[in-house]
Amino acid sequence: MAKAAERMRVIGMVMVGSCHFKKDLVGGRNRTRVLCFAISSYGDIWSGSEGGGIKVWPWEAIEKSLSLSVEERHMAALLIERSCIDLRNNCTVNGVCPLPPSSIRHLVSDNGRSKIWSASSLSFALWDARKRELLKVFGVDGQVDTRLIEASQNQDPHVEDEVKVKPVSTKKEKSQVGFLQRSRNALMGAADAVRRVASKGTFGEDSQRTEALAIAKDGIIWSGCNNGSLIQWDSNGTRLNEIQYHAYAVKSICTFGTRLWVGYVSGTIHLMDLEGKLLGGWVAHSSPVIKMAVGGSYIFTLCNHGGIRGWNLTSPGPIDNILHSELSNKELLYTKQENIKILCGTWNVGQIRASRDSLISWLGKAATEVGLVVVGLQEVEMGAGFLAMAAAKETVGLEGSANGQWWLDAIGKTLDEGSSFERVGSRQLAGLLICAWARKSIRPHIGDVDAAAVACGFGRAIGNKGSVGLRMRVHGRKICYANCHFAAHLEAVSRRNADFDHIYRTMSFSRPSHGLTPSGGASSTAPLNRGGNATANVDDGRPDLSESDMVVFLGDFNYRLHSLSYDEARDMVSQRCFDWLREKDQLRAEMEAGRVFQGMREGVITFPPTYKFARHVPGLGGYDCGEKKRIPAWCDRVLYRDSRSISMAECSLECPVVSCITQYEACMDATDSDHKPVRCIFNVEIARADESIKRKQFGEIVLSNEKIKSLLEDYCVVPETIVNTNDIYLQNSEKSILQISNKCEKNKATVEVICQGQYTIKEEGSASILCAKGSFGFPLWLQVQPAVGVVNPGKSIEVSVHHEENSTQEAFVDGIISSRRCEDIMEKEAVLLVNVMGNYSTKRITHRVQPAVGVVNPGKSIEVSVHHEENSTQEAFVDGIISSRRCEDIMEKEAVLLVNVMGNYSTKRITHRVNVHCCYSDRLSSGEKGISKRVQSNHLGADFAADLESNTDLVQDSCTNP
């Protein structure tokens, strides 16, 4: 344990603690940022960096740095720096490199087959971890394509066509086309440009960029893409299958046993088996899940704002159902209710800047008793040129205008922004603007503010019509606000309905780059998110708006009054016969028919129609009396829905948001625009769970419930396994088969074979100190494949153990790589541990196997003849620099290999230990002692496993060393 801690401390000091070496890690003059690293099965550290750089830091240099005394510790960084191997340079022949010049974002070690996977956004490379040689380069489509290198150098022909300068005619011709037609042509041209960009993807990026990479215990590689798809690869880089269960980008993948967890940018987690079948899913965070790891009986998830949560490895399962039932019975103990008043205002401002008096009349007075103010504006700025420019800015992620900024500042000043209120978010799409302010006392309870926009104008690409939205969490509950402007004119009812349908279905809130939701503790999927069914939130294509606890639509919906004349409408308005006028309301008729705003409510209208007025004319006499005489109408509205399925439902965790309208009126004294502003005040009750009390109840249930305790004990059982031998003898380059059998008839076992270390047998016959390496720890003279696997119930797997007698290794002379022959004359013995784990916890059982040079079957014996050349070269360190020397060492060596066998749902394992011996040839002929101690066989069964249990402390301590 102490040695392992010291090793990790030194490596951490070298790779992170030293600013100098952190830069030198990538070496050379053009140093770039390291993006990822991995440790191979032989202990080497591989790093990937920007620009496609990939380098290896050999274990020999790391081992030497670990052996330095305190006085020599300052040489560690220099030693490792000079040992660096630049694989990109090694692959470059005649100035041509098969690797694309794209940043290496992912590195994964296939320890079971001694390979390394490196991945950029659009390509993969497969490496031999032992020889450090490039095996294959291929694209995300699985095809080996040399054009990957040329892709970044070729310019998009569409872009070239668009940037070509057209010749300018010296003779001006007077256009015969009218202004409206020219405006229409300009808008349609902008819409066509937007469609072309959308069809190619933003900046030409591929829709299958690799965002995550992981390897499962069965050796299958999984890659996750930015379009939400998952791709399966075999160990040779052959594309096997592609599946997709979610529309959002994959951000992380974690494998354990026979299960696979996928984290998405939406905060959702999906659980699958190793074949790719979806087992369940839930919303883990409100922001992207960027990392996942297994520890104990939990999988822990990290989101990008730092929140960490733990989920039981058994979820979804019977434990979830028990927890959900028990927690529901104690709901009153941890349920808290909050109350907040929300002011929502809408105004079609007709491109004007309102007076301060109008703003105070509309918002200033009403905002004194509310905690949240949401304002939606329409026609902030219009005109063909502005709309075309706004569409172009949207394609590159830009928004806003001078008028939009003026309105933000003016409303903020009206609300006393800075002293009483704080702006929490805004979004502008052409002439549409939505913005929100929260009172400072409420602001800590508002988080995860997010924005969205949907264009409904020409070709669904121009923002003269459409919607802008804000989504936020208020006391942990999602509330959405959508500011809309639908199609105009009396007869365009179906177009208005279509605009709503398009907005509702397509409004998608981008995920925030930061979040304010506090992190949660370890829990089950059961008690979370509106009922907490672990599979209830699996993506099924439902719109974002449908997932919110409360939705408010506000804006200029443009629904008119039908079947009456202008004069009839004016008479009814003057007599305040609003009930009669509501019978003529197009919106009411369409809602009753179920064609628009399905499931939504509106307050009782007690104010006159808000459209259309002559500007700066006070009172009801200001209705349009010009040539067109537009019929007055309630164009400006506020509609909503909350969590209630029935109107009389009470606020609870099952119905978390219940609201009612306390004020719904128009500000008739504002005369700046041809529309009157409307405001609506909601009184909102929000039910939330007190997480501290809930976690306490959760813990009490887990500790006291006998069914849960019994299930957890069952889940932690490690399948019984048998290893056919615990001594393997290898001669020359022969192979030996290590057979691992799963005697359990119910559960799969996850098996992992690692090398605990290597012994060197000394001249007097005693073994040297166990020399351990990083990762799986295999010495270069030993190959174990596959070192990781899954054993089905009642089945067996065969592990090939192979001795490389005459292998080449790399030496470093003044930082330059050279090769040498390794024909070591000393006897070596390695100890293998076979770790076996179950399905739902990290508990493991370890078997110990000691292979030497030769093969002995169970119950049999063979004579081993071992011969080595006396002279070989080995690496030596002179002044901290690796060089080569002649080696005529006659000391015996012994290496220790560990075979780890694991189950499917737990990191509990059984470890088999194998000692691999390698001795000087003269010593074998000088007596029978060297042979007799190697001619033996053992069948590892239940009795041997019982003996291992008595050495649990020793085995567990050895397993902690990397």
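The values are calculated or read from the model by the stated rules, or taken from the named source; none is laboratory data. Quantities reported herein were computed from a predicted structural model and do not represent experimental measurements. Using ideal geometry, Cβ is built from the backbone for each residue, glycine included, and neighbour counts are taken over all protein chains shown. Heavy atoms of the whole protein, side chains included, go into the accessibility calculation; ligands, DNA and RNA do not. Shrake-Rupley method; radii C 1.70, N 1.55, O 1.52, S 1.80 Å.
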Extension gain (nm, one decimal) between LYS291 and ARG495, 0.36 nm per residue minus Cα-Cα | 69.0 nm
Report, by chain and number, residues whose modeled amide H sits under 5 Å from the one on ARG601, excluding near sequence neighbours (fewer than 5 apart, same chain).
-> TYR640, ARG641
Percent of accessible area on the stretch 208-316 owned by carbon and sulfur, 1.4 Å probe?
-> 51
Determine the order of GLU394, GLU700 by accessible area, beginning with the largest, at a probe radius of 1.4 Å.
-> GLU700, GLU394
In terms of the Cα gyration tensor, with a ≥ b ≥ c the square roots of its eigenvalues, is the stretch 342-449 rounded because a/c is under 1.5, prolate because a/b exceeds b/c, or oblate?
-> oblate
Probe 1.4 Å, all chains present, heavy atoms only: LYS843 accessible area in Å², nearest 10, is 110
Taking the alpha carbon gyration tensor of the stretch 208-316, what are the square roots of 5 times its eigenvalues, largest first, to the nearest whole Å?
-> 21, 16, 12
Per residue, how many Å² of accessible area does the stretch 594-744 show with a 1.4 Å probe?
-> 44
Interchain or long-range residues, amide H under 5 Å from LYS291's placed H = LEU302
With all protein chains present, calculate the accessible area of GLU798 using a 1.4 Å probe and round the result to the nearest 10 Å².
-> 110
Counting only protein heavy atoms and rolling a 1.4 Å probe, one gets per residue an accessible area for the stretch 208-316 in Å² of 28
Which FRET efficiency value, to the nearest 0.05, is calculated for HIS802 and GLN739 with the Förster distance at 22 angstrom and r the Cβ-Cβ distance?
-> 0.90
What do you reckon, how do THR368, THR314 stack up by accessible area (1.4 Å probe), largest on top?
-> THR368, THR314
Reduced Cα scattering model of the stretch 593-649, Debye log10 I(q)/I(0), q = 0.12, 0.16, 0.22, 0.28 Å⁻¹ = -0.46, -0.67, -0.91, -1.19
Ordering THR662, THR725 from largest to smallest accessible area (1.4 angstrom probe), what's the sequence?
-> THR662, THR725
What are the residues whose amide H is under 5 Å from the amide H of LEU415, where those residues sit 5 or more places off or on another chain and H is modelled from the backbone?
-> none
Skip the ligands, DNA and RNA, and give the accessible area per residue of the stretch 332-484 with a 1.4 Å probe, whole Å².
-> 34
Listed here are the pairs LYS743/LYS843; LYS440/LYS478; LYS584/LYS628; LYS131/LYS795; LYS291/LYS478; LYS330/LYS707; which of them are more than 29 Å apart at the Cα?
-> LYS131/LYS795
Spatial extent of the stretch 281-352: Rg and Dmax, with the Cα atoms as the point set, Å | 20.0, 63
For the stretch 240-329 the GluC sites (Glu not before Pro) that pass both the DSSP coil test and the at-most-16 other-Cβ-within-10 Å test are GLU275
Shape call, the stretch 638-687: gyration tensor on alpha carbons, a/c limit 1.5 | prolate
Near ALA216, within a Cβ-to-Cβ distance under 12 Å, what is the net charge of the other residues, with Lys and Arg +1 and Asp and Glu -1?
-> -3
So what does LYS365 come to for accessible area, using a 1.4 Å probe and Å² rounded to 10?
-> 140
Which ³J(HN,Hα) values, rounded to whole Hz and listed in residue order, are derived for the stretch 36-41 from phi using the Karplus coefficients 6.51, -1.76 and 1.60 in 6.51 cos²θ - 1.76 cosθ + 1.60 with θ = phi - 60°, glycine and proline given as x?
-> 7, 8, 8, 10, 6, 5
